[in-house]
Amino acid sequence: MTLRERIQDDMKTAMRAGEKERLGTIRMILAGIKQREVDERIQLDDAQVMSVLEKMIKSRKESLVHFQAGGRADLIAKETAEIDLIQAYLPTQFSDAEIDALVAEAIAATGAASVKDMGKAMGVIKSKAQGKADMAVVGAKLKAKLSG
């Protein structure tokens with residue numbers, strides 16, 4: 001069963017159970033997937049669906065910052081619930097220790113010595129951490145290692 005099929009099955013389950021908030025979020029996920037398929041005229045595989053989900057999470061986290069600054073507790077709760085639901089479709093996230101090990105491994109594999117070599121190391125890391133780690137966090141850790 002593909003990730004998209006799993007999401008569609010969850011939509012049907014949410015419909016039957018009458019879970020309006022969950023159903024709305026799942027429909028939004030499917031709309032995002034469908035939009036990318038229409039734009040690029042392709043059928044998305046699981047890796048591409050995961051990238052759509054990651055972008056949705058990133059967008060919600062950015063909105064969360066603005067809502068917190070504005071003191072909108074109602075919208076904060078809604079965005080947090082959506083983030084949790086979307087993350088349920090992604091593989092389990094790497095811990096900080098696993099990210100540190102991945103960064104060290106990439107630096108050793110590419111021979112990166114300064115921030116100028118960051119692109120090479122990120123290429124190695126991205127293939128292994130796609131969907132399993134927040135790439136902004138990974139990038140920050142890599143930059144800190146290469147600068148220090």
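The Cα-based radius of gyration of the chain, divided by its Kirkwood radius, gives an Rg/Rh of 1.04. In a reduced charge model with +1 at each Lys and Arg Cβ and -1 at each Asp and Glu Cβ, the chain shows a dipole moment near 260 debye about its Cα centre.
With both labels modelled 7 Å from their Cα along Cα-to-Cβ, the residue 68 to residue 34 distance reads 3.4 nm.
Leaving out same-chain residues fewer than 8 places away, which lysines sit with a Cα under 18 Å from that of residue 61? Cα-Cα hits under 18 Å: 78, 132. Treating the Cα atoms of the stretch 86-148 as identical point scatterers in vacuum, please give the log10 of the normalised Debye intensity I(q)/I(0) at q = 0.21 Å⁻¹, two decimals. With no solvent term, the Cα-only Debye profile gives -0.74.
Remark on residue 133: its backbone amide H falls under 5 Å from those of 94, a criterion applied only to residues 5 or more positions apart or on other chains, H modelled at 1.01 Å from N.
Taking every DSSP helix (H) stretch of at least 4 residues in the chain, weighting each as -39,500 (n - 2.57) and dividing the sum by the residue count yields a mean residue ellipticity at 222 nm of -26000 deg cm²/dmol.
When each full DSSP H helix of the chain is screened for a Cα extent of at least 18 Å along its own axis and an average Kyte-Doolittle hydropathy of at least 0.0, the helices passing are 73-87, 96-110. Show which lysines lie in cross-link reach of residue 12 when reach means a straight Cα distance below 18 angstrom and same-chain residues fewer than eight apart are skipped. Excluding near neighbours in sequence, the set is 20, 34. Remark: relative contact order (the chain) = 20 percent; criterion is Cα-Cα distance under 8 angstrom and separation of 6 or more residues.
Projecting label points 7 angstrom from Cα along Cα→Cβ for residue 137 and residue 27 puts them 3.2 nm apart. Panel order for 56, 1, 28, by other beta carbons found within 10 Å of each beta carbon, from fewest to most: 1, 28, 56.
Quick note: the coordinates plus some simple rules give every number you see, no bench work behind them. The model shown is predicted, which means the values in this text are computed figures rather than measured ones. Here the Cβ is made from the backbone with ideal geometry for all residues, glycine too, and neighbour counts use every protein chain on show.
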